[in-house]
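Following: one structure in structure tokens, then a few remarks.
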Amino acid sequence: MRYVLDPGMDRATVDGTCRLWADVVNAGGAVGFVPPVTAEDVRPELLKHLTAMSEGRTRLLAGFDAAGEVKATAFFTLNTHRLMRHWVWLYSVMVHPDLQGTGTGRALMASAEEAARAIDGVRGIRLTCRGGMGLEHFYAACGYKEVGRVPEAIRVGDDDYRDDITMWLPLT
């Protein structure tokens with residue numbers, strides 16, 4: 001995998017990111033949707049990220065395989081509040097389901113940490129994850145610490161509520 005911060009968002013990268021997002025959701029991934037979805041279902045959410053990228057509020061870290069296909073992503077959202085510019089949010093952390101268990105997720109998180117360290121003045125990364133899936137254990141293994149939990153804040157089904165878990169990685 002080749003990780004690129006701020007890749008050019010040509011049609012192939014945009015379409016590949018939409019396909020990746022749909023594949024991750026349909027495999028059970030917790031990235032803002034519940035299955036089943038199509039690439040076109042997630043496209044409006046990606047367009048929101050692209051708008052924020054064009055405005056300089058969001059940055060994309062993309063992982064490309066040897067064929068140049070998008071197989072991993074993580075979006076950084078920069079804080080605009082003057083008291084919080086020293087940390088970034090990490091959103092939509094995704095690895096293609098075919099690569100689960102290969103170390104690609106840890107490599108993505110290491111690349112995200114390296115990229116955040118290169119952003120002037122950034123001293124931490126904050127992310128949230130959906131409870132009930134063990135994701136907090138993965139992030140903990142990558143050096144993040146659970147710093148907050150809101151019980152049943154995420155509704156994924158009629159009677160299926162999950163905790164919203166906040167994780168923090170200090171970069172100092």
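Details
- Residue that is touching a Leu at 6+ places or on another chain (Cβ under 7 Å) and either buried (at least 20 other Cβ atoms within 10 Å of the Cβ) or in contact (Cβ under 8 Å) with a residue 40 or more places away in the chain (or both), where the choices are Phe76, Phe64: Phe76
Quick grid of which residues meet (1) of a type in the set (Gly, Ala, Ser); (2) more than 17 Å from Val25 (Cα to Cα):
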{"site": "Leu60", "(1), (2)": "no, yes"}
{"site": "Met84", "(1), (2)": "no, yes"}
{"site": "Leu99", "(1), (2)": "no, no"}
{"site": "Ala153", "(1), (2)": "yes, yes"}
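- Residues that are aliphatic (A, V, I, L, M) and more than 23 Å from Asp6 (Cβ to Cβ) were ranked within region 90-135; the one that is most open to solvent (accessible area, probe 1.4 Å) is Met133.
- Set Ala153, Ala118: member being of a type in the set (A, V, I, L, M), closer than 17 Å to Gly32 by Cα and modelled with pLDDT of 95 or more: Ala153
- Unique match (being in a helix (DSSP H, G or I) and more than 13 Å from the chain's Cα centre (by Cα)) among Pro44, Pro7: Pro44
- The criterion of at least 3 residues that are small (Gly, Ala, Ser) is met by the following strands (runs of 3 or more DSSP E) wholly inside region 84-172: 145-157.
- Residue match in region 132-152 (condition: more than 14 Å from the chain's Cα centre (by Cα), within 28 Å of Asp10 (Cβ to Cβ) and among the charged types (D, E, K, R)): no
To keep it simple, each residue is scored yes or no on (1) closer than 11 Å to Met94 by Cα; (2) touching a Gly at 6+ places or on another chain (Cβ under 9 Å); (3) acidic (Asp, Glu).
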{"position": "Ala27", "(1), (2), (3)": "no, no, no"}
{"position": "Val31", "(1), (2), (3)": "yes, no, no"}
{"position": "Arg43", "(1), (2), (3)": "no, no, no"}
{"position": "Asp65", "(1), (2), (3)": "no, no, yes"}
{"position": "Leu78", "(1), (2), (3)": "no, yes, no"}
{"position": "His81", "(1), (2), (3)": "no, no, no"}
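The values are calculated or read from the model by the stated rules, or taken from the named source; none is laboratory data. Remember, predicted model here, so these are calculated numbers, not experimental data. Positions of Cβ are backbone-derived with ideal geometry, glycine not excepted, and every protein chain shown enters the neighbour counts. Accessible surface areas use protein heavy atoms only, side chains included; no ligands, DNA or RNA. Shrake-Rupley method; radii C 1.70, N 1.55, O 1.52, S 1.80 Å.
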